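The values are calculated or read from the model by the stated rules, or taken from the named source; none is laboratory data. Since we're looking at a predicted model, the values are computed, not measured. Positions of Cβ are generated from backbone atoms using ideal geometry, with glycine treated the same way; all protein chains shown enter the neighbour counts. For the accessible areas, the whole protein counts, side chains as well, though only heavy atoms, and no ligand, DNA or RNA atoms are used. Shrake-Rupley method; radii C 1.70, N 1.55, O 1.52, S 1.80 Å.
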Amino acid sequence: MRRLSVSQVSRQRGGVVGAIIGLILIAGAMAAGAAYWAWREATRPGPLAAETVVLLKPGMSVQKIAVALDEAGALREPKLFVAVARVHGVAGDLKAGEYALPAGVSIVDLLRLLVEGRSILYPFTAAEGLTTAQILRLIAANPVLEGEVTLAPAEGTLLPETYKFTRGQTRDGMIEQMMKAQRAVLDALWDDRATELPISTREEAIILASIIEKETAIASEREMIAGVFVNRLRRGMRLQSDPTIIYGLTQGEPLGRGLRKSELERETPYNTYVISGLPPTPIANPGRAAIEAVLNPADTDALFFVADGTGGHVFAATLEEHNRNVAKWRQIERRQQEG
(Lines give C-alpha, C1' and ligand atoms only; values in the text may rest on other atoms or scores of the structure.)
Protein backbone atom coordinates (compact mmCIF):
# COMPACT_ATOMS: atom_id res chain seq x y z
CA MET A 1 0.00 0.00 0.00
CA ARG A 2 1.42 3.29 -1.15
CA ARG A 3 1.66 5.99 1.50
CA LEU A 4 1.59 9.69 0.63
CA SER A 5 3.88 12.10 2.28
CA VAL A 6 2.54 15.05 4.17
CA SER A 7 3.55 17.37 1.37
CA GLN A 8 1.79 15.20 -1.21
CA VAL A 9 -1.40 15.09 0.86
CA SER A 10 -1.26 18.84 1.26
CA ARG A 11 -0.79 19.31 -2.49
CA GLN A 12 -3.66 16.95 -3.24
CA ARG A 13 -5.98 18.73 -0.77
CA GLY A 14 -4.98 22.05 -2.23
CA GLY A 15 -5.89 20.81 -5.69
CA VAL A 16 -9.34 19.69 -4.54
CA VAL A 17 -9.97 22.97 -2.74
CA GLY A 18 -8.81 24.86 -5.79
CA ALA A 19 -11.16 22.86 -7.96
CA ILE A 20 -14.07 23.53 -5.60
CA ILE A 21 -13.26 27.24 -5.51
CA GLY A 22 -13.05 27.21 -9.27
CA LEU A 23 -16.47 25.58 -9.51
CA ILE A 24 -17.89 28.11 -7.06
CA LEU A 25 -16.44 30.96 -9.07
CA ILE A 26 -17.81 29.49 -12.28
CA ALA A 27 -21.23 29.01 -10.67
CA GLY A 28 -21.09 32.52 -9.25
CA ALA A 29 -20.16 33.89 -12.63
CA MET A 30 -23.02 31.96 -14.22
CA ALA A 31 -25.45 33.19 -11.56
CA ALA A 32 -24.21 36.72 -12.00
CA GLY A 33 -24.62 36.36 -15.72
CA ALA A 34 -28.12 35.01 -15.30
CA ALA A 35 -28.99 37.79 -12.87
CA TYR A 36 -27.64 40.38 -15.29
CA TRP A 37 -29.62 38.86 -18.15
CA ALA A 38 -32.80 38.81 -16.04
CA TRP A 39 -32.25 42.41 -14.94
CA ARG A 40 -31.60 43.51 -18.52
CA GLU A 41 -34.68 41.70 -19.86
CA ALA A 42 -36.91 42.97 -17.06
CA THR A 43 -35.93 46.61 -17.51
CA ARG A 44 -35.56 46.95 -21.26
CA PRO A 45 -38.53 48.11 -23.38
CA GLY A 46 -41.09 45.42 -24.07
CA PRO A 47 -42.46 44.31 -27.44
CA LEU A 48 -45.67 46.38 -27.48
CA ALA A 49 -45.66 48.62 -30.55
CA ALA A 50 -48.70 50.68 -29.51
CA GLU A 51 -50.85 51.30 -26.44
CA THR A 52 -52.94 48.20 -25.75
CA VAL A 53 -55.85 47.69 -23.36
CA VAL A 54 -55.96 44.45 -21.38
CA LEU A 55 -58.50 43.24 -18.83
CA LEU A 56 -57.26 41.34 -15.78
CA LYS A 57 -60.20 39.73 -13.98
CA PRO A 58 -60.45 39.40 -10.19
CA GLY A 59 -58.92 36.21 -8.82
CA MET A 60 -56.34 35.74 -11.59
CA SER A 61 -53.04 34.20 -10.41
CA VAL A 62 -49.71 35.71 -11.40
CA GLN A 63 -49.32 32.90 -13.97
CA LYS A 64 -52.70 33.71 -15.56
CA ILE A 65 -51.85 37.39 -15.55
CA ALA A 66 -48.61 36.56 -17.38
CA VAL A 67 -50.59 34.57 -19.97
CA ALA A 68 -53.00 37.49 -20.51
CA LEU A 69 -50.12 39.96 -20.89
CA ASP A 70 -48.34 37.59 -23.27
CA GLU A 71 -51.49 37.22 -25.39
CA ALA A 72 -51.74 41.01 -25.52
CA GLY A 73 -48.19 41.12 -26.86
CA ALA A 74 -46.66 42.83 -23.84
CA LEU A 75 -44.14 40.09 -22.87
CA ARG A 76 -41.24 38.30 -24.51
CA GLU A 77 -40.69 35.99 -21.56
CA PRO A 78 -43.87 35.25 -19.53
CA LYS A 79 -41.90 33.03 -17.13
CA LEU A 80 -39.51 35.88 -16.43
CA PHE A 81 -42.49 38.12 -15.54
CA VAL A 82 -43.63 35.53 -13.00
CA ALA A 83 -40.10 35.08 -11.63
CA VAL A 84 -39.49 38.82 -11.20
CA ALA A 85 -42.88 39.24 -9.51
CA ARG A 86 -42.02 36.49 -7.03
CA VAL A 87 -38.45 37.66 -6.39
CA HIS A 88 -39.75 41.14 -5.56
CA GLY A 89 -42.55 39.70 -3.39
CA VAL A 90 -45.40 41.31 -5.34
CA ALA A 91 -46.94 38.26 -7.00
CA GLY A 92 -49.93 38.48 -4.66
CA ASP A 93 -50.26 42.27 -4.93
CA LEU A 94 -51.20 42.54 -8.61
CA LYS A 95 -54.61 44.19 -8.86
CA ALA A 96 -57.43 43.27 -11.20
CA GLY A 97 -58.74 45.87 -13.61
CA GLU A 98 -58.65 47.17 -17.14
CA TYR A 99 -55.24 48.61 -18.00
CA ALA A 100 -53.99 50.76 -20.85
CA LEU A 101 -50.48 49.35 -21.37
CA PRO A 102 -48.16 51.92 -22.94
CA ALA A 103 -46.06 51.04 -25.96
CA GLY A 104 -42.72 49.49 -25.05
CA VAL A 105 -43.64 48.97 -21.38
CA SER A 106 -41.02 46.90 -19.55
CA ILE A 107 -41.67 44.03 -17.13
CA VAL A 108 -40.63 46.20 -14.18
CA ASP A 109 -42.99 48.99 -15.25
CA LEU A 110 -45.77 46.47 -15.85
CA LEU A 111 -45.42 45.20 -12.30
CA ARG A 112 -45.40 48.75 -10.92
CA LEU A 113 -48.57 49.53 -12.91
CA LEU A 114 -50.40 46.45 -11.63
CA VAL A 115 -49.25 46.80 -8.01
CA GLU A 116 -50.41 50.43 -7.90
CA GLY A 117 -53.67 49.45 -9.59
CA ARG A 118 -53.55 52.29 -12.12
CA SER A 119 -56.34 50.82 -14.17
CA ILE A 120 -58.84 52.61 -16.41
CA LEU A 121 -61.59 54.17 -14.27
CA TYR A 122 -65.17 54.75 -15.40
CA PRO A 123 -67.56 57.21 -13.71
CA PHE A 124 -71.03 56.37 -12.48
CA THR A 125 -73.07 59.35 -11.29
CA ALA A 126 -76.35 59.31 -9.38
CA ALA A 127 -77.75 62.76 -8.70
CA GLU A 128 -79.02 63.76 -5.27
CA GLY A 129 -82.76 63.36 -4.87
CA LEU A 130 -83.24 60.36 -7.16
CA THR A 131 -85.35 57.52 -5.84
CA THR A 132 -83.86 54.07 -5.38
CA ALA A 133 -85.86 52.80 -8.37
CA GLN A 134 -84.43 55.58 -10.55
CA ILE A 135 -80.86 54.83 -9.45
CA LEU A 136 -81.31 51.10 -10.06
CA ARG A 137 -82.44 51.88 -13.61
CA LEU A 138 -79.27 53.91 -14.17
CA ILE A 139 -77.16 51.04 -12.83
CA ALA A 140 -78.98 48.52 -15.03
CA ALA A 141 -78.45 50.69 -18.12
CA ASN A 142 -74.73 51.34 -17.53
CA PRO A 143 -72.85 49.66 -20.41
CA VAL A 144 -69.65 48.95 -18.47
CA LEU A 145 -71.03 47.39 -15.28
CA GLU A 146 -71.50 43.63 -15.40
CA GLY A 147 -74.10 41.15 -14.18
CA GLU A 148 -77.74 41.56 -13.32
CA VAL A 149 -79.27 43.70 -10.57
CA THR A 150 -80.44 41.20 -7.95
CA LEU A 151 -80.36 43.43 -4.86
CA ALA A 152 -83.40 45.44 -3.78
CA PRO A 153 -82.17 48.21 -1.45
CA ALA A 154 -84.76 50.17 0.48
CA GLU A 155 -85.64 53.75 -0.38
CA GLY A 156 -83.07 56.21 0.90
CA THR A 157 -80.25 53.70 1.53
CA LEU A 158 -77.99 54.75 -1.38
CA LEU A 159 -75.59 57.70 -1.30
CA PRO A 160 -75.84 59.75 -4.51
CA GLU A 161 -72.51 60.94 -5.87
CA THR A 162 -69.97 60.10 -8.60
CA TYR A 163 -68.24 56.75 -8.17
CA LYS A 164 -65.17 55.58 -10.10
CA PHE A 165 -64.96 51.90 -10.97
CA THR A 166 -62.97 49.53 -13.16
CA ARG A 167 -64.34 47.25 -15.84
CA GLY A 168 -65.37 44.03 -14.17
CA GLN A 169 -67.35 45.76 -11.41
CA THR A 170 -70.79 44.17 -11.05
CA ARG A 171 -74.07 46.00 -10.79
CA ASP A 172 -74.75 44.47 -7.39
CA GLY A 173 -71.24 45.53 -6.38
CA MET A 174 -72.04 49.14 -7.28
CA ILE A 175 -75.25 48.98 -5.22
CA GLU A 176 -73.34 47.60 -2.24
CA GLN A 177 -70.71 50.35 -2.62
CA MET A 178 -73.42 53.04 -2.56
CA MET A 179 -75.06 51.52 0.52
CA LYS A 180 -71.71 51.28 2.29
CA ALA A 181 -70.92 54.90 1.39
CA GLN A 182 -74.18 56.12 2.94
CA ARG A 183 -73.54 54.19 6.16
CA ALA A 184 -70.05 55.73 6.30
CA VAL A 185 -71.49 59.25 5.93
CA LEU A 186 -73.98 58.64 8.73
CA ASP A 187 -71.24 57.19 10.93
CA ALA A 188 -69.11 60.29 10.32
CA LEU A 189 -71.89 62.83 10.95
CA TRP A 190 -74.19 61.29 13.56
CA ASP A 191 -72.13 61.90 16.70
CA ASP A 192 -71.60 65.58 15.82
CA ARG A 193 -75.31 66.34 15.36
CA ALA A 194 -76.96 69.27 17.11
CA THR A 195 -78.56 68.66 20.48
CA GLU A 196 -82.31 68.44 21.08
CA LEU A 197 -83.24 67.59 17.51
CA PRO A 198 -86.79 66.26 17.07
CA ILE A 199 -85.39 63.13 15.42
CA SER A 200 -84.03 60.21 17.38
CA THR A 201 -82.77 57.70 14.80
CA ARG A 202 -80.59 57.68 11.73
CA GLU A 203 -83.54 56.50 9.67
CA GLU A 204 -85.53 59.57 10.71
CA ALA A 205 -82.56 61.75 9.73
CA ILE A 206 -82.55 60.21 6.25
CA ILE A 207 -86.32 60.66 5.91
CA LEU A 208 -86.11 64.36 6.72
CA ALA A 209 -82.97 64.80 4.59
CA SER A 210 -84.77 63.26 1.61
CA ILE A 211 -87.58 65.81 1.96
CA ILE A 212 -85.09 68.67 2.10
CA GLU A 213 -83.32 67.27 -0.96
CA LYS A 214 -86.56 67.39 -2.93
CA GLU A 215 -87.58 70.83 -1.66
CA THR A 216 -84.56 72.74 -2.96
CA ALA A 217 -81.74 72.41 -5.45
CA ILE A 218 -79.93 75.43 -3.99
CA ALA A 219 -77.12 74.35 -1.67
CA SER A 220 -77.22 77.53 0.43
CA GLU A 221 -80.89 76.91 1.33
CA ARG A 222 -80.60 73.40 2.72
CA GLU A 223 -79.76 74.34 6.31
CA MET A 224 -82.47 77.01 6.36
CA ILE A 225 -85.16 74.64 5.09
CA ALA A 226 -83.93 72.05 7.59
CA GLY A 227 -84.35 74.71 10.30
CA VAL A 228 -87.95 75.34 9.20
CA PHE A 229 -88.88 71.66 9.29
CA VAL A 230 -87.14 71.14 12.64
CA ASN A 231 -89.10 74.09 14.07
CA ARG A 232 -92.38 72.69 12.76
CA LEU A 233 -91.66 69.23 14.20
CA ARG A 234 -90.81 70.75 17.58
CA ARG A 235 -94.12 72.61 17.64
CA GLY A 236 -96.16 69.65 16.45
CA MET A 237 -96.97 71.38 13.15
CA ARG A 238 -97.43 69.34 9.99
CA LEU A 239 -94.58 69.56 7.49
CA GLN A 240 -96.88 70.33 4.53
CA SER A 241 -94.29 69.33 1.95
CA ASP A 242 -95.51 68.89 -1.65
CA PRO A 243 -92.77 66.36 -2.60
CA THR A 244 -94.07 63.94 0.05
CA ILE A 245 -97.53 64.03 -1.55
CA ILE A 246 -96.04 63.33 -4.98
CA TYR A 247 -94.12 60.37 -3.60
CA GLY A 248 -97.34 58.96 -2.21
CA LEU A 249 -98.95 59.29 -5.65
CA THR A 250 -96.14 58.19 -8.00
CA GLN A 251 -93.42 56.66 -5.76
CA GLY A 252 -91.24 59.59 -6.70
CA GLU A 253 -91.68 59.59 -10.46
CA PRO A 254 -92.33 63.06 -11.95
CA LEU A 255 -95.96 64.06 -11.68
CA GLY A 256 -95.80 66.20 -14.80
CA ARG A 257 -98.29 68.77 -13.50
CA GLY A 258 -99.25 70.69 -10.40
CA LEU A 259 -100.93 69.07 -7.43
CA ARG A 260 -104.70 69.12 -7.35
CA LYS A 261 -106.70 70.24 -4.33
CA SER A 262 -108.12 66.72 -4.01
CA GLU A 263 -104.58 65.34 -3.84
CA LEU A 264 -103.61 67.79 -1.13
CA GLU A 265 -106.51 66.48 0.91
CA ARG A 266 -106.14 62.79 0.08
CA GLU A 267 -105.12 60.64 3.03
CA THR A 268 -101.98 58.67 2.25
CA PRO A 269 -99.09 57.73 4.58
CA TYR A 270 -96.95 60.28 2.70
CA ASN A 271 -99.33 63.26 2.67
CA THR A 272 -97.69 65.57 5.21
CA TYR A 273 -100.62 67.98 4.83
CA VAL A 274 -102.72 65.28 6.50
CA ILE A 275 -100.34 63.25 8.71
CA SER A 276 -98.36 64.57 11.63
CA GLY A 277 -94.61 64.08 11.84
CA LEU A 278 -92.51 62.30 9.25
CA PRO A 279 -93.70 59.97 6.49
CA PRO A 280 -92.94 56.25 7.00
CA THR A 281 -89.91 56.10 4.68
CA PRO A 282 -87.57 58.44 2.82
CA ILE A 283 -88.95 59.82 -0.44
CA ALA A 284 -85.58 59.85 -2.24
CA ASN A 285 -81.87 59.32 -1.66
CA PRO A 286 -80.38 62.45 -0.06
CA GLY A 287 -76.78 63.52 -0.57
CA ARG A 288 -74.25 64.24 2.13
CA ALA A 289 -75.04 67.99 2.23
CA ALA A 290 -78.75 67.38 2.91
CA ILE A 291 -77.90 64.92 5.68
CA GLU A 292 -75.51 67.46 7.21
CA ALA A 293 -78.24 70.11 7.04
CA VAL A 294 -80.68 67.90 8.97
CA LEU A 295 -78.16 67.09 11.67
CA ASN A 296 -77.04 70.70 12.01
CA PRO A 297 -79.92 72.91 10.83
CA ALA A 298 -79.90 76.70 10.73
CA ASP A 299 -80.81 78.49 13.93
CA THR A 300 -83.92 80.33 12.73
CA ASP A 301 -87.41 81.40 13.82
CA ALA A 302 -88.83 80.66 10.37
CA LEU A 303 -91.79 78.31 10.12
CA PHE A 304 -92.78 78.83 6.47
CA PHE A 305 -91.23 79.17 3.04
CA VAL A 306 -92.51 79.60 -0.49
CA ALA A 307 -90.93 79.97 -3.93
CA ASP A 308 -89.62 83.43 -4.74
CA GLY A 309 -89.72 83.19 -8.54
CA THR A 310 -85.95 82.98 -8.99
CA GLY A 311 -85.53 79.29 -8.21
CA GLY A 312 -85.11 79.88 -4.49
CA HIS A 313 -87.43 80.48 -1.56
CA VAL A 314 -88.44 83.27 0.79
CA PHE A 315 -88.85 82.45 4.48
CA ALA A 316 -91.25 83.73 7.13
CA ALA A 317 -91.63 83.39 10.90
CA THR A 318 -95.36 84.25 10.99
CA LEU A 319 -98.38 83.10 9.02
CA GLU A 320 -99.25 86.69 8.11
CA GLU A 321 -95.82 87.28 6.60
CA HIS A 322 -96.02 83.94 4.83
CA ASN A 323 -99.41 84.76 3.32
CA ARG A 324 -97.98 87.99 1.89
CA ASN A 325 -95.11 85.99 0.38
CA VAL A 326 -97.56 83.48 -1.09
CA ALA A 327 -99.58 86.32 -2.65
CA LYS A 328 -96.41 87.68 -4.29
CA TRP A 329 -95.61 84.19 -5.62
CA ARG A 330 -99.11 83.85 -7.09
CA GLN A 331 -98.61 87.13 -8.95
CA ILE A 332 -95.29 85.86 -10.32
CA GLU A 333 -96.99 82.62 -11.41
CA ARG A 334 -99.70 84.53 -13.26
CA ARG A 335 -97.18 86.72 -15.06
CA GLN A 336 -95.19 83.64 -16.06
CA GLN A 337 -98.31 81.94 -17.41
CA GLU A 338 -99.36 85.07 -19.33
CA GLY A 339 -95.89 85.49 -20.75
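Some points to look at:
- All of (1) touching a residue at least 60 places away in the same chain (Cβ under 8 Å); (2) more than 29 Å from ALA184 (Cα to Cα) hold for GLY258 with one exception: (1).
Residue-wise test of (1) of a type in the set (Phe, Trp, Tyr); (2) at pLDDT below 95; (3) in contact with a strand residue (DSSP E or B) (Cβ under 7 Å, 6 or more places away or on another chain).
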position	(1), (2), (3)
ASN142	no, no, yes
GLU148	no, no, no
ALA152	no, no, no
LEU158	no, no, no
TYR163	yes, no, yes
ARG167	no, yes, yes
THR170	no, yes, yes
ALA181	no, no, no
LEU189	no, no, no
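- Selection from region 62-79 of residues that are over 11 Å from LEU110 (Cβ atoms) and touching a residue at least 24 places away in the same chain (Cβ under 8 Å): VAL62, GLY73, ARG76, GLU77
- Here GLY277 meets each of (1) closer than 21 Å to PRO198 by Cα; (2) open to solvent by 40 Å² or more (accessible area, probe 1.4 Å); (3) not in a strand (DSSP E or B) with one exception, condition (2).
- Checked against the criterion of being outside any strand (DSSP E or B), among the polar types (S, T, N, Q) and over 22 Å from the mean Cα position of the chain (by Cα), region 106-125 has at least one qualifying residue.
- Residues that are closer than 20 Å to ASP308 by Cβ and assigned to a loop (DSSP other than H, G, I, E, B), drawn from region 200-238: THR216, ALA217, ILE218
- Residue pairs meeting the criteria (Cβ under 6 Å; at least 6 apart or on separate chains; first in contact (Cβ under 8 Å) with a residue 40 or more places away in the chain, in region 131-154; second open to solvent by 30 Å² or more (accessible area, probe 1.4 Å)): THR132/GLU155
- Of all residues in region 297-309, those being touching a residue at least 60 places away in the same chain (Cβ under 8 Å) and farther than 18 Å from ILE199 by Cβ number 4.
- The residues of region 49-63 that are within 17 Å of ARG167 (Cβ to Cβ) and open to solvent by 30 Å² or more (accessible area, probe 1.4 Å), listed by number, are GLU51, THR52, VAL53, LEU55, LYS57, PRO58, GLY59, MET60.
- When region 310-338 is limited to residues that are without any contact (Cβ under 8 Å) to a residue 24 or more places away in the chain and assigned to a loop (DSSP other than H, G, I, E, B), the one that is least open to solvent (accessible area, probe 1.4 Å) turns out to be ALA317.
- Exactly one residue among THR281, THR268 is at pLDDT 90 or above and in contact with a helix residue (DSSP H, G or I) (Cβ under 6 Å, 6 or more places away or on another chain), and that residue is THR268.
- Scan of region 86-104 for residues that are surrounded by 17 or more Cβ atoms within 10 Å (Cβ to Cβ) and aliphatic (A, V, I, L, M), ordered by number: ALA91, LEU94, ALA96, LEU101
- Any hit, region 154-172, residues being under 16 Å from GLY129 (Cβ atoms), among the acidic types (Asp, Glu) and outside any strand (DSSP E or B): yes
- Verdict on VAL185 being open to solvent by less than 60 Å² (accessible area, probe 1.4 Å) and over 20 Å from the mean Cα position of the chain (by Cα): no
- Test set (1) at positive phi; (2) open to solvent by less than 10 Å² (accessible area, probe 1.4 Å); (3) over 30 Å from the mean Cα position of the chain (by Cα) - PHE81 fails condition number: (1)
- On the stretch given as region 112-139, residues that are polar (S, T, N, Q) and open to solvent by 50 Å² or more (accessible area, probe 1.4 Å) total 1.
- In region 215-230, the count of residues that are closer than 24 Å to GLU321 by Cα, surrounded by fewer than 20 Cβ atoms within 10 Å (Cβ to Cβ) and either more than 33 Å from the chain's Cα centre (by Cα) or of a type in the set (Val, Ile, Thr) (or both) is one or more.
- In this structure, ASN271 does not satisfy being more than 30 Å from ASP187 (Cβ to Cβ) and in contact with a strand residue (DSSP E or B) (Cβ under 6 Å, 6 or more places away or on another chain).
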